[in-house]
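Down below is the structure, laid out as C-alpha coordinates.
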Amino acid sequence: MIEILAVLVVLVVVSTVVISRDPDMDKEAYAQAAILKTHLRFAQSLAMAQNTASWGVAFSSGAYILLHNGQPAAFPWPNDTSSTHGLPDGVILTAGTPNLFFDEWGSPGETTIVVTLNSHPITITRHTGFIP
(Lines give C-alpha, C1' and ligand atoms only; values in the text may rest on other atoms or scores of the structure.)
Protein backbone atom coordinates (compact mmCIF):
# COMPACT_ATOMS: atom_id res chain seq x y z
CA MET A 1 0.00 0.00 0.00
CA ILE A 2 2.79 2.43 0.85
CA GLU A 3 4.51 1.63 -2.45
CA ILE A 4 1.38 2.61 -4.39
CA LEU A 5 1.13 5.90 -2.52
CA ALA A 6 4.81 6.61 -3.15
CA VAL A 7 4.38 5.97 -6.87
CA LEU A 8 1.32 8.24 -6.99
CA VAL A 9 3.19 11.04 -5.21
CA VAL A 10 6.10 10.73 -7.65
CA LEU A 11 3.71 10.80 -10.63
CA VAL A 12 2.00 13.93 -9.32
CA VAL A 13 5.31 15.72 -8.79
CA VAL A 14 6.62 14.76 -12.23
CA SER A 15 3.41 15.73 -14.01
CA THR A 16 3.33 19.08 -12.18
CA VAL A 17 6.86 19.86 -13.30
CA VAL A 18 6.12 18.82 -16.89
CA ILE A 19 2.93 20.87 -17.09
CA SER A 20 4.53 23.95 -15.55
CA ARG A 21 7.34 23.84 -18.14
CA ASP A 22 5.08 23.33 -21.14
CA PRO A 23 6.00 26.12 -23.59
CA ASP A 24 2.70 25.74 -25.44
CA MET A 25 0.67 26.64 -22.36
CA ASP A 26 -0.22 30.32 -22.64
CA LYS A 27 -0.51 31.29 -18.99
CA GLU A 28 -1.29 34.95 -19.62
CA ALA A 29 -4.14 34.14 -22.03
CA TYR A 30 -5.49 31.58 -19.56
CA ALA A 31 -5.47 34.18 -16.77
CA GLN A 32 -7.13 36.80 -19.02
CA ALA A 33 -9.80 34.25 -20.01
CA ALA A 34 -10.61 33.75 -16.32
CA ILE A 35 -10.83 37.54 -15.84
CA LEU A 36 -13.07 37.88 -18.91
CA LYS A 37 -15.41 35.20 -17.55
CA THR A 38 -15.68 37.14 -14.29
CA HIS A 39 -16.35 40.38 -16.17
CA LEU A 40 -19.02 38.73 -18.34
CA ARG A 41 -20.75 37.41 -15.22
CA PHE A 42 -20.55 40.92 -13.73
CA ALA A 43 -22.31 42.47 -16.75
CA GLN A 44 -24.85 39.65 -16.62
CA SER A 45 -25.52 40.23 -12.93
CA LEU A 46 -26.02 43.98 -13.52
CA ALA A 47 -28.67 43.22 -16.16
CA MET A 48 -30.45 40.80 -13.84
CA ALA A 49 -30.20 43.04 -10.76
CA GLN A 50 -31.67 46.01 -12.60
CA ASN A 51 -34.19 43.85 -14.48
CA THR A 52 -33.18 45.44 -17.77
CA ALA A 53 -31.45 44.48 -20.99
CA SER A 54 -29.24 47.56 -21.01
CA TRP A 55 -25.92 45.97 -19.95
CA GLY A 56 -23.39 44.40 -22.29
CA VAL A 57 -19.82 44.09 -23.47
CA ALA A 58 -18.17 45.45 -26.64
CA PHE A 59 -15.10 43.61 -27.95
CA SER A 60 -12.09 44.72 -29.97
CA SER A 61 -8.84 42.87 -30.67
CA GLY A 62 -6.98 44.36 -27.71
CA ALA A 63 -9.68 45.31 -25.21
CA TYR A 64 -13.30 45.00 -24.16
CA ILE A 65 -15.66 47.59 -22.71
CA LEU A 66 -18.55 47.41 -20.23
CA LEU A 67 -21.59 48.97 -21.88
CA HIS A 68 -24.68 50.53 -20.36
CA ASN A 69 -27.42 51.55 -22.80
CA GLY A 70 -24.96 51.04 -25.66
CA GLN A 71 -22.38 53.49 -24.25
CA PRO A 72 -19.28 52.89 -22.10
CA ALA A 73 -20.41 52.50 -18.50
CA ALA A 74 -19.74 55.28 -16.00
CA PHE A 75 -18.13 52.94 -13.49
CA PRO A 76 -15.28 50.41 -13.81
CA TRP A 77 -15.03 46.65 -14.01
CA PRO A 78 -14.45 44.94 -10.66
CA ASN A 79 -10.82 45.33 -9.56
CA ASP A 80 -10.13 47.64 -12.50
CA THR A 81 -9.89 51.40 -12.88
CA SER A 82 -12.16 51.91 -15.90
CA SER A 83 -14.94 50.36 -17.93
CA THR A 84 -12.33 49.37 -20.55
CA HIS A 85 -10.16 46.34 -19.84
CA GLY A 86 -7.06 46.31 -22.01
CA LEU A 87 -5.46 42.99 -22.83
CA PRO A 88 -1.71 42.52 -22.38
CA ASP A 89 0.62 42.09 -25.35
CA GLY A 90 0.28 38.67 -26.92
CA VAL A 91 -3.33 38.15 -25.81
CA ILE A 92 -5.82 38.73 -28.63
CA LEU A 93 -9.57 38.41 -28.91
CA THR A 94 -10.87 36.63 -32.00
CA ALA A 95 -11.61 39.12 -34.75
CA GLY A 96 -15.28 39.77 -35.44
CA THR A 97 -16.58 38.94 -31.97
CA PRO A 98 -20.00 40.63 -31.82
CA ASN A 99 -21.06 42.95 -29.03
CA LEU A 100 -22.89 41.06 -26.32
CA PHE A 101 -25.94 42.21 -24.38
CA PHE A 102 -27.70 40.38 -21.56
CA ASP A 103 -31.46 40.55 -21.02
CA GLU A 104 -33.14 40.84 -17.62
CA TRP A 105 -32.82 37.06 -17.15
CA GLY A 106 -29.08 37.04 -17.89
CA SER A 107 -29.54 35.48 -21.33
CA PRO A 108 -27.52 36.57 -24.36
CA GLY A 109 -30.56 35.80 -26.53
CA GLU A 110 -31.19 33.16 -29.17
CA THR A 111 -27.55 32.51 -30.09
CA THR A 112 -24.72 30.85 -28.20
CA ILE A 113 -21.76 33.21 -28.29
CA VAL A 114 -18.14 32.08 -28.21
CA VAL A 115 -15.40 34.56 -27.39
CA THR A 116 -11.85 33.29 -27.91
CA LEU A 117 -8.72 34.68 -26.26
CA ASN A 118 -5.79 33.18 -28.18
CA SER A 119 -6.82 29.51 -28.04
CA HIS A 120 -9.06 29.73 -24.95
CA PRO A 121 -12.77 29.69 -25.92
CA ILE A 122 -15.35 31.19 -23.58
CA THR A 123 -18.93 30.12 -24.25
CA ILE A 124 -22.01 32.10 -23.28
CA THR A 125 -24.88 29.65 -23.68
CA ARG A 126 -28.00 30.83 -25.50
CA HIS A 127 -31.21 31.31 -23.52
CA THR A 128 -29.59 30.55 -20.14
CA GLY A 129 -26.48 32.74 -20.23
CA PHE A 130 -24.48 29.97 -18.57
CA ILE A 131 -20.73 30.68 -18.68
CA PRO A 132 -18.81 27.50 -17.81
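Things to note:
- Restricting segment 105-118 to residues that are of a type outside the set (A, V, I, L, M, F, W, C) and touching a helix residue (DSSP H, G or I) at 6+ places or on another chain (Cβ under 7 Å), the residue that is nearest to Q44 (Cα to Cα): G106
- Of the listed requirements (1) within 23 Å of T112 (Cα to Cα); (2) surrounded by 13 or more Cβ atoms within 10 Å (Cβ to Cβ); (3) modelled with pLDDT under 90, E28 misses just one: (1).
- A43 being in a strand (DSSP E or B), of a type in the set (A, V, I, L, M, F, W, C), surrounded by 19 or more Cβ atoms within 10 Å (Cβ to Cβ) and touching a residue at least 40 places away in the same chain (Cβ under 8 Å): no
- Residue among A58, A63 that is among the small types (G, A, S), over 19 Å from D26 (Cβ atoms) and under 15 Å from the mean Cα position of the chain (by Cα): A58
- Scanning segment 108-120 for residues that are part of a loop (DSSP other than H, G, I, E, B), farther than 21 Å from K27 by Cβ and either within 16 Å of the chain's Cα centre (by Cα) or in contact (Cβ under 8 Å) with a residue 40 or more places away in the chain (or both) yields a count of 2.
- Cβ pairs under 6 Å, 6+ apart, first in segment 58-73 and surrounded by 18 or more Cβ atoms within 10 Å (Cβ to Cβ), second outside any loop (DSSP other than H, G, I, E, B) and hydroxyl-bearing (S, T, Y): I65/T84
- Tally, over segment 81-104, of residues that are in contact (Cβ under 8 Å) with a residue 24 or more places away in the chain and either over 13 Å from L36 (Cβ atoms) or touching a helix residue (DSSP H, G or I) at 6+ places or on another chain (Cβ under 8 Å) (or both): 13
- Scanning segment 110-132 for residues that are touching a Ser or Thr at 6+ places or on another chain (Cβ under 6 Å) and either aromatic (F, W, Y) or over 20 Å from L87 (Cα atoms) (or both) gives T112, T125, R126, H127, G129.
- From the options T128, T123, residue that is polar (S, T, N, Q) and either modelled with pLDDT under 90 or in a loop (DSSP other than H, G, I, E, B) (or both): T128
The values are calculated or read from the model by the stated rules, or taken from the named source; none is laboratory data. Quick caveat, the model's predicted, so the values are computed rather than measured. Please note: Cβ atoms are built from the backbone with ideal geometry, for glycine as well, and neighbour counts cover all protein chains shown.
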